[in-house]
Amino acid sequence: MESWYLDTGVFATPMLKNREPSVIAGCEGWLARAAAGSIEAVTSAATWEEVVFVAGSAHGGWDRRLADGAGDRFLALGNLHRLAVTETEIRKAQELLLKTGLKSYDCLHLASAVLHNAIGLVTVDGELATEKTRAAVGSLRVILLGAS
């Protein structure tokens, strides 16, 4: 089975309901496919930190209740393989940082997807779907949810 890398927004968007309904539905669809085992879903173990941070700081300040709930929901997702962050991923992320100018976590997600031979990366982040980014990651397909 081919693996698909799910970016942070795929997890955070349905929790926060902070995008258009079609984007939320798209995220929920990918998560449902993962839970059903119809795709092999992978993400970086570091995604937990991003999901917790985004949820906890979504309304300004720090809301520990939202952060705790987001962390619990992320950890409860079935059939999700969380990939360790090793020196190899960090070095590849640094290479992508220099090539693309993306933020560090975006580069870490791309590096993890590429190094673990994911067929594609699913995201709500338009910066990950630019031609410059696509050129830097070779054959990795980037699916931007909500793109027309």
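Can you confirm whether segment 78-90 contains a residue that is modelled with pLDDT under 95 and either closer than 18 Å to Ile119 by Cα or not basic (Lys, Arg) (or both)? Yes, segment 78-90 contains a residue that is modelled with pLDDT under 95 and either closer than 18 Å to Ile119 by Cα or not basic (Lys, Arg) (or both). Scanning segment 14-52 for residues that are surrounded by fewer than 18 Cβ atoms within 10 Å (Cβ to Cβ) and in contact with an Asp or Glu (Cβ under 6 Å, 6 or more places away or on another chain) turns up nothing. Among the criteria (1) without any contact (Cβ under 8 Å) to a residue 24 or more places away in the chain; (2) of a type in the set (Gly, Ala, Ser); (3) surrounded by fewer than 22 Cβ atoms within 10 Å (Cβ to Cβ); (4) touching an Asp or Glu at 6+ places or on another chain (Cβ under 7 Å), the one Ser3 does not fulfil is (1). Number of residues in segment 113-129 that are under 22 Å from Gly26 (Cα atoms), touching a residue at least 24 places away in the same chain (Cβ under 8 Å) and either surrounded by 16 or more Cβ atoms within 10 Å (Cβ to Cβ) or of a type outside the set (Asp, Glu) (or both) equals 10. Within segment 130-148, being under 25 Å from Ala25 (Cα atoms) and out of contact with any Ser or Thr (no Cβ under 9 Å at 6 or more places or on another chain) holds for Arg134, Leu140, Arg141, Ala147, Ser148. What do you reckon, is Leu96 hydrophobic (A, V, I, L, M, F, W, C), surrounded by 14 or more Cβ atoms within 10 Å (Cβ to Cβ) and either at pLDDT below 95 or farther than 19 Å from Gly126 by Cβ (or both)? So Leu96 does not fit the description; no.
Once segment 15-27 is narrowed to residues that are in contact (Cβ under 8 Å) with a residue 12 or more places away in the chain and more than 13 Å from the chain's Cα centre (by Cα), the residue that is nearest to Ile119 (Cα to Cα) is Gly26. Applying the selection to segment 131-148, what residues are at negative phi, loosely packed, with under 15 Cβ neighbours inside 10 Å and not basic (Lys, Arg)? Within segment 131-148, Glu131, Ala135, Ser139, Ala147, Ser148 qualify. Among the residues of segment 58-93, just one is among the aromatic types (Phe, Trp, Tyr) and surrounded by 14 or more Cβ atoms within 10 Å (Cβ to Cβ), namely Phe74. Select from segment 125-148 the residues that are modelled with pLDDT of 95 or more and more than 18 Å from Thr100 (Cβ to Cβ) and list them in ascending order. The one that is modelled with pLDDT of 95 or more and more than 18 Å from Thr100 (Cβ to Cβ): Leu145.
Report whether or not Ala41 is in contact (Cβ under 8 Å) with a residue 12 or more places away in the chain and hydrophobic (A, V, I, L, M, F, W, C). Against the criterion (in contact (Cβ under 8 Å) with a residue 12 or more places away in the chain and hydrophobic (A, V, I, L, M, F, W, C)), Ala41 qualifies. In the set (1) in contact with a Gly (Cβ under 9 Å, 6 or more places away or on another chain); (2) surrounded by fewer than 17 Cβ atoms within 10 Å (Cβ to Cβ), Ala55 fails one condition alone, (2).
The values are calculated or read from the model by the stated rules, or taken from the named source; none is laboratory data. All values derive from a computational prediction rather than experimental measurement. No Cβ is skipped: glycine too gets one built from the backbone with ideal geometry, and neighbour counts run over all protein chains shown.
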